[in-house]
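Here the structure comes first, spelled out in structure tokens, and everything after it is commentary.
Quick note: the coordinates plus some simple rules give every number you see, no bench work behind them. Keep in mind it's a predicted model, so treat the numbers as computed, not measured. Glycine also receives a Cβ, built like all others from the backbone with ideal geometry; neighbour counts cover every protein chain displayed.
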Amino acid sequence: MFDRWSWIMAWRDSRGSRRRLLLFLSSMVLGVAALVAINSFGESLEAAVNEQAKTLLGADLSFESDFPFDDSTEVVIDSLGGLQSRRISFGSMAYFPRTGSTRLASVRANEPGYPYYGAVETNPPEAADTYLQGRNALVDGALMNEFGVVVGDSVQIGSINYRVAGELLKTPRESAAMMLFSPRVYIPLAELDTSLTGFGSRVEYEVYFKFDDNRDVEAMMEVLAPQLRARDVGSDTVGEEQRRWGERVGNLYRFLGLVGFIALLLGGLGVASAVHVYVKQRLETVAVLRCVGATSRRTFWIYLIQSMLMGVTGATIGSMLGMGVQLLLPRVVGDFLPVEVDFAVSWTAVAIGFGVGVGVTLLFSLLPLLSVRRVSPLRAIRSAYEAEQSRDVWRWVLYGALGVALMVFAVFQAPDPTIGIGYMGGVAVVFGMLALVAKGLTVAARRFFPSGWPYVWRQGLANLYRPNNQTLLLMLALGLGTFLIVTLLLVERSLLEQFDVASDGQRPDQIMFDIQPNQVEGVTQILEAQDLPLIDQSPIVTMRIKEIHGQTLAELREDSTYHVNWAHNREYRSSYRSYLTEAETLLDGGFVGTVDPSTEVVPVSIERDLAYNELHVDIGDTLVWDVQGVDMTTVISSIREVDWQRMQTNFFFIFPNGVLEQAPQMHVFMTQTGNDEKMAALQEALVQQFPNVSTVSLSLVLAVFDEIFSRVSFVIRFMALFSILTGLIVLAGAVLVSRFQRIEESVLLKTLGASRKQVLRIMIIEYLFLGVFATITGVVLAYAASWSLAEFVFQTPLVTAPIIFLLALVIVTGLTIIIGLLNSRGIYARPPLEVLRAEV
Amino acid sequence: MPPVYIDMAETNILDVQQLTKTYQSGSRSLTVLDHVTFSISEGETVAIVGPSGSGKTTLLGLCAGLDTPSEGSVRLHGIDLGPLTEDERAVVRNEEVGFVFQTFQLIPTLTALENVMVPAELRGERGVSGRAKALLEQVGLGDRMHHYPKQLSGGEQQRVALARAFINQPRILFADEPTGNLDDETGATIEGLLFDLNRTAGTTLVVVTHDLSLAEKTGRILRLRGGRVVEDRQVEPTLRAVG
Ligand SMILES: Nc1ncnc2c1ncn2[C@@H]1O[C@H](COP(=O)(O)OP(=O)(O)OP(=O)(O)O)[C@@H](O)[C@H]1O
Ligand SMILES: [Mg+2]
């Protein structure tokens, strides 16, 4: 491709600028590295999930129901064949006779077989199998620690005593963190006290399948699932497990995608601004070449070849760096994941990173390179000659290509095409706004020129609009750079906040249950005496549904077309208060905080999933409750979304203040002890004064969350840092190259007798204006963009940190001025002629 | 390739007819060249003189095909430059034309030798370094071939430019104030070299100059004023102070 001469010239012409070219390229190098690392990481994660999704489910297929499977379902189960293993799960008190302690536990009664994939890990290891032979139990490690239970002790579930055969460490489907809230106890299904699963308890019946015939379970379930659903039987497949897992780390994926997009944009920006200036310096050379007979195409090729080589070099170094990072990542994130991730270098990711790197470098450098084609040879004999700017269709073609390429890339990196188009649109708007501000700045500086100001101010300001000014270029580079960096920082902070389940310092680590109304005062006093905060206090009133959809439950049970499920049958633990907590978001209707005690129909708030998926009720529907023997008519006035992951007591139903105060109730308190001694002191005080109050320590749960959080946040911070570094290099690079615009002039001023101080001041003033305007524009736009990202992509509240605004303003402007000054230091150290000669 | 049409009967290497150049600046139009007509035959040496702003550089640019006229035509070695595109004119320049500029215009990233080779390499020629070296020897820079322009003095740079101008053995050489940026002594050296090389190669020479003594060394003087040729005279051979 191209002719020999262009290649030779490309090589020769790059002499003396190669190091500089590589420096400019470093933004692209980092951009590609980030992209490769991110995509590799994502791919490894996905591969691991796919590979080990079977372990996540522990089987090929599972059915679950809140009732024993009915006959027709049993027929289906039978007909499916394969290996089958059943399990019944329910909540029950676990009583440890030796220590006399009791705790609500999630009991799982298992049959041999399950899990078919992966393993139940226990201590001692053999207990995972042996407990199934006889009246043995496996007890959650955390629970054993808490109560000082050891292997060999007994635990009573219902009326049966089991020997604790081992400590439960790890089980399929349940990450440690998830299940610490209610500790698990595994017992053999054959040894279950069946009275525990009677009417009214929340019981889950499951059957797990393993097929050896490679059948397409997903396809099979597409047919079966609706039938099963009609009988209130849920099903789960490996594929669904994969999807669910993907959703769980979805924001991490989304963030990584966004960072990849931003990193590459920054890289492109760095290349574009560097090439822009590079080309400007080459115009003279191009004119001479044209004079001695080079066609415009061949001169263009010289620079095209150079940027191609630049792109290939940058992308190669970037890909290698990305692979390096990729090899480091597993050490960091390896074990927070519920699956074993085999981190391999993803060659697809490397190829994509390489291709995108070369492509973006080429596209971004083509834009400034196009002007090479238009250089008139006349420039060689008349240096000030400015070619009349005729319209260049290729420029528009290139804009189009650039737009399309970035759009494709954005869509590729975004969670879905609409958001990708959003990313792209956002960048376009920011670009436009910055250009507008740049235009405004030049016009304003000229229009409102302060002719009365001192010379250096006038000169500095005039630099903003005089011919050959760098206002637009620096505005775009500094502004877009700042915009991308700040956006990244804000989104990062918001995400970290979201992952940090209880970051407000007031993280409850002790929950106190069963506090009677007349004990509230006493418990509060204990907390006060021990200087512990009362973080959350909720009254709990138990109640059952009596009438729904205008019919009593008894009537509904008779009705064969109506499905009565656990949500109808359960005993509800509702609370009353006049406000929504941070974990709650109002979705529909109006939340009523307080009503008059004589209110006939009480407005209540319901949790969304329960309303839509279980009870099938909506705003305005009436529910009649049996509140411990007293009927209470309520109307659904609002629907809430509840973030169940918040460490807070959450409820399906919230009543207003005013109607439940006199009902039999108990209270739940939450406090933060912070350390083991305080925790022990609190528990002792409670046991002595209020033996009926049980406390549950959350510190273990919190420790696990902290661990997960710190690892996830590390990945997020690391990736963000990587891109921010890219951004800073772009900013520095933009200022660095801008000096070539001003150097001749500075030398001239110096020759004309300007003092060093004057020349520097002129420069500072110019950079100050550019820096301040670019940063303010960039930051303001970044706030808008982060808000949209938080709202539409990450669905998390935006953490607005005014400090970032100030920091960005000071750092970017400061950096601009400092680099500008450092840059011009050389101008003063040497005689003018030498400087002019040296600036090739 | 340009439609190369060479009129064999033609002995004029340069034929300028009614050449007019007008610049439009805002609503005002500025006529820089006003119906200029002249021709130069092969082997002639011509000086274009005139006051500053009289349109010398503009004329030179048009003759060499660097710019397009508003009116009139330029035929270079029988080729009408008018209908050619910029790229086609570039090829003609490469084949027929050599340049020497007031500001030397060497390519800063190339060594002296490489600068000299550019026009020949552009044609796809290989092994031109021998010829380039010989030319550099001729201009007295045999020992500076691998230096970059910024390592050379102005006079040395102009000598490199001279060598570059002759590498393709052009039929016509355009020089715009080749000594304008040099002191008298260096200027004289360059002049000497210019005429020497010119004589050996048999090139037609068109030189724009303010330097009357340089002009007198040519065979013919064209004087421009206000965009018109106001004088076109042969220099008497006796006056030509050759040597
Ligand atoms: N691009 C342009 N736009 C408008 N006017 C121009 C342009 N280029 C040249 N001129 C004008 O054309 C006139 C002739 O310029 P030219 O450079 O040919 O003069 P010159 O004879 O070479 O002068 P000098 O001896 O100073 O080099 C000048 O008045 C100049 O201002
Ligand atoms: Mg001139």
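Against the main long axis of the alpha-carbon atoms of chain A, helix A:393-413 sits at an angle near 20°. Extension gain, A:LEU104 to A:ARG231, is 42.8 nm, computed as 0.36 nm per intervening residue step minus the present C-alpha separation. Shape class of chain A from the Cα gyration tensor (axes a ≥ b ≥ c, square roots of the eigenvalues): prolate, since a/c reaches 1.5 or more and a/b is larger than b/c. With neighbours defined as other Cβ atoms within 10 Å of a residue's Cβ, the residues A:PHE652, A:PHE41 order from fewest to most as A:PHE652, A:PHE41. With R₀ set to 60 Å, the beta-carbon distance separating A:LYS757 from A:ASP588 gives a calculated FRET efficiency near 0.35. With a simple spin-label model that places each label point 7 Å from the Cα along the Cα-to-Cβ direction, the separation between A:THR524 and B:HIS147 comes to 9.5 nm. Shape verdict for segment A:534-671, please, from the Cα gyration tensor: rounded (a/c under 1.5), prolate (a/b greater than b/c) or oblate. Because a/c hits 1.5 or more and a/b exceeds b/c, segment A:534-671 counts as prolate. The label point for B:ARG228 and the one for A:GLU600, both projected 7 Å from the Cα toward the Cβ, are 11.2 nm apart.
Shown for A:PHE653, A:PHE448, A:PHE483, A:PHE147: other C-beta atoms within 10 Å of each C-beta, ranked fewest to most, produce the order A:PHE448, A:PHE147, A:PHE653, A:PHE483. Principal-axis analysis of the Cα atoms of chain A puts helix A:802-829 at an angle of about 30° to the longest axis.
Among A:SER307, B:SER129, sorting on how many other beta-carbon atoms sit within 10 Å of each Cβ, with the fewest leading, yields B:SER129, A:SER307. Relative to the dominant Cα principal axis of chain A, helix A:250-291 is inclined by about 10°.
Among A:LYS439/A:LYS757; A:LYS439/B:LYS150; A:LYS439/B:LYS21; A:LYS750/B:LYS21; A:LYS757/B:LYS56; A:LYS280/A:LYS750, which pairs are too far apart, with a Cα-Cα distance over 31 Å?
Cα-Cα > 31 Å for A:LYS439/B:LYS150; A:LYS439/B:LYS21; A:LYS750/B:LYS21; A:LYS757/B:LYS56; rest within.
Applied to segment B:95-104, the Karplus parametrisation 6.51 cos²θ - 1.76 cosθ + 1.60 on θ = phi - 60° returns per-residue 3J(HN,Hα) values of 7, 10, 10, x, 10, 10, 10, 4, 9, 6 Hz, with x for Gly and Pro.
With a Förster radius of 35 Å, plug the Cβ-Cβ distance of B:THR31 and A:ARG373 into 1/(1 + (r/R0)^6) and report the FRET value to the nearest 0.05.
Details: r = 30 Å, r/R0 = 0.85.
The formula returns an efficiency of 0.70 here.
Computed from label points 7 Å out along Cα-Cβ, the spacing between A:GLN689 and B:GLU185 is 10.8 nm. Over chain A, DSSP H runs of length four or greater, each weighted -39,500 (n - 2.57), average out per residue to a 222 nm ellipticity of -18500 deg cm²/dmol.
Between A:GLN133 and A:ASP216, how high is the FRET efficiency from 1/(1 + (r/R0)^6) when r is the Cβ-Cβ distance and R₀ = 25 Å? Nearest 0.05.
In this case the efficiency is close to 0.10.
If both residues of a DSSP beta bridge must be in chain B, then about 60% of such bridges are antiparallel. Here segment A:534-671 carries DSSP beta bridges of which approximately 75% are antiparallel, counting only pairs with both residues inside. Within the same chain, lysines fewer than 8 places from A:LYS54 are excluded, and of the rest, those with a Cα less than 23 Å from its Cα are A:LYS170, A:LYS210. In chain B, helices alone account for a calculated mean residue ellipticity at 222 nm of -9500 deg cm²/dmol, with every DSSP H run of four or more residues adding -39,500 (n - 2.57).
In whole angstrom, how far apart do the alpha carbon centroids of segment A:604-635 and segment B:14-60 sit? Cα centroid to Cα centroid, the span is 96 Å. Classify segment B:9-150 from the C-alpha gyration tensor, please: rounded if a/c falls under 1.5, else prolate or oblate depending on whether a/b exceeds b/c. Prolate shape, in that a/c is at least 1.5 and a/b is the bigger ratio. Taking the Cα centroid of segment A:766-827 and of segment A:298-315, what is the distance between the two, rounded to the nearest whole Å? With segment A:766-827 and segment A:298-315 each reduced to a Cα centre, they are spaced 32 Å.
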